[in-house]
Each structure stands twice: as structure tokens, then as C-alpha cells.
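Below you'll find the structure, written out as C-alpha cells, and then a few comments.
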Amino acid sequence: MNRKSVIQEYYILAVNEKGYMPSMRADESNAGLVAAGVMDLVLNEVVTIEKKKITVVKEIPGELGHIASLYAYLKEKPRTIDKLMNDYMFSTGKRLKELTTEIGESLLSVHAVTEEKGGLFGNKIVYIPEPGSKERLVEVLRSAVLKEGRITPHDMALLCILKETKNLNQYFSKSEGADLKTRLKELKKDPQSKQLAEMVNYVEDMTAIIMCCVMTSIN
């Protein structure tokens, strides 16, 4: 399978058959999209995260052109994870919309989604994943979890974000989810898996802030 970026693959698995984030957890899922974009930048050593502050340290590579708007935002000045999530989730919505459009267009160009009209008045463009794209990606992730081999940092970031935003259970059985949970615990204790453990910690930090922001918006 021709793999894509973390944010592209997260989008494919998170949105529903109508091209929307799940209605019962839309805020968490949209925030997960932002987190996935940051993880792509971390994995490509474009940014560093220290004391929950994100700093750009080099130019974005061409293959990550579909998160150019996120990169431009972070390049303006170092941002805390808290500030990032608040600016993307609770400002005008412009930043999140721009990021979502970039992802949708990039997936459309490789035929992983179809473009449709949606929304209440049918005037909103939505990007609907091809069923085959979801199925192939799920099989790859299931294999990564259940086999004895090492999980890549890419897959670890994707699995963690899906898990923390509650978008993983629909694809994994209860026992498979338990296997993943066990592997995450093992990674944190394994000195040979420093980069993977960092992925887990980054995502957990981000999702803790996501949950805090979501609860604040509800109250």
C-alpha cells in the first residue's frame, strides 16, 4: 500500500461516509486532525516540542505541502500546544477550514477521496474517502498492532491519535484494542523505543489539552 502522511491517513479513517467528522465527537476529532499535522512535522524534524512548546527548526519538505497553512502558522513564532489548539478550535474556524481543505484536495489528487456537495444547503464541499482506502489502511494498522515486529513512529502517532479521539474502536475489536494498550505500556518502559515513547507522550499531551478545551467550550 502506498502510505500517506499521518494527517491524510487520520482524515481517511476519522471522517464518516458523508465526509464529516463524527457528530458526537466532532471537536475532539477536528483537534486530532491538527495534532496529526503536528506529528507529521515532528516526524520530518521540521519542528521540535520542548516543554509543550512547538518551534519550527527547518523548512517544510514538498511532500508536506498539504499542511502548508499549519506550518506557516507555527513559523510565525513558537507556540504552546494550548495556544495552537485554541487558535484552531475556538477562533473563527478559518484556520481549521483551510487545513481541512488542503487535506481534502491532496487526497482528491491521488483519488483517495471523492468531492461532493454537502451541508444544510448543499453548498459546502466535502471530501468522502473511498471505501477501499479505509479498508486497506485498517488492515495495515491491524497488522502493525498484532504482529511481533516493531511499530513505526508513523503508525504509532496515527494509532495514538485515533485512540485518544475515540476513532479507533470502530476498526478494532475489544481484544485488539487491549493488545494496543499493552504495547503502548511496554513502549514507555523500553529504552530502545525512545522515539516511539516520545510519540505517545506528544499525543497524550495534546489530547489532554484537547479534552480540556472541549470541556471548556461545553461549559
> Working out 0.36 nm times the residue gap between Lys52 and Arg25, then minus their Cα-Cα distance, what length gain in nm do you get to one decimal?
Replying inline: 7.3 nm
> So how far, in whole Å, is the C-alpha centre of segment 157-189 from the one of segment 20-58?
Replying inline: 18
> Which entry in (i) 20.4; (ii) 18.2; (iii) 17.7 matches Kirkwood radius over Cα pairs in Å derived from the coordinates of this structure?
Replying inline: (iii)
> When ranked by the protection proxy of mean other Cβ atoms within 10 Å per residue, highest first, what sequence do the peptides 95-106, 35-46 form?
Replying inline: 35-46, 95-106
> What spacing in nm lies between the two simple spin-label points modelled at Gln170 and Lys83, each 7 Å away from Cα in the Cβ direction?
Replying inline: 3.5
> Taking a probe of 1.4 angstrom, what is the accessible area of Phe172 in Å², to the nearest 10?
Replying inline: 20
> Label Thr152 and Lys117 with points 7 Å out from Cα along Cα→Cβ: what is the distance between them in nm?
Replying inline: 3.9
> How much solvent-accessible surface does Ser23 expose, in Å² to the nearest 10, with a 1.4 Å probe and all protein chains in place?
Replying inline: 100
>> For a Förster distance of 22 Å, can you work out the FRET efficiency between the beta-carbons of Glu63 and Leu108, rounded to the nearest 0.05?
In response: 0.85
> What part of the accessible area of the chain, given as a whole %, is carbon or sulfur when the probe is 1.4 angstrom?
Replying inline: 52
> Simple spin-label model, 7 Å along Cα-to-Cβ: Ser143 to Lys189 in nm?
Replying inline: 2.9
>> Suppose all protein chains stay in the model; what accessible area per residue would a 1.4 Å probe give for the chain, in Å²?
In response: 52
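The values are calculated or read from the model by the stated rules, or taken from the named source; none is laboratory data. Quick caveat, the model's predicted, so the values are computed rather than measured. Heads up, the Cβs are rebuilt from the backbone with ideal geometry, glycines too, and the neighbour counts pull from every protein chain shown. The area values use the complete protein model at the heavy-atom level, side chains included, leaving out ligands, DNA and RNA. Shrake-Rupley method; radii C 1.70, N 1.55, O 1.52, S 1.80 Å.
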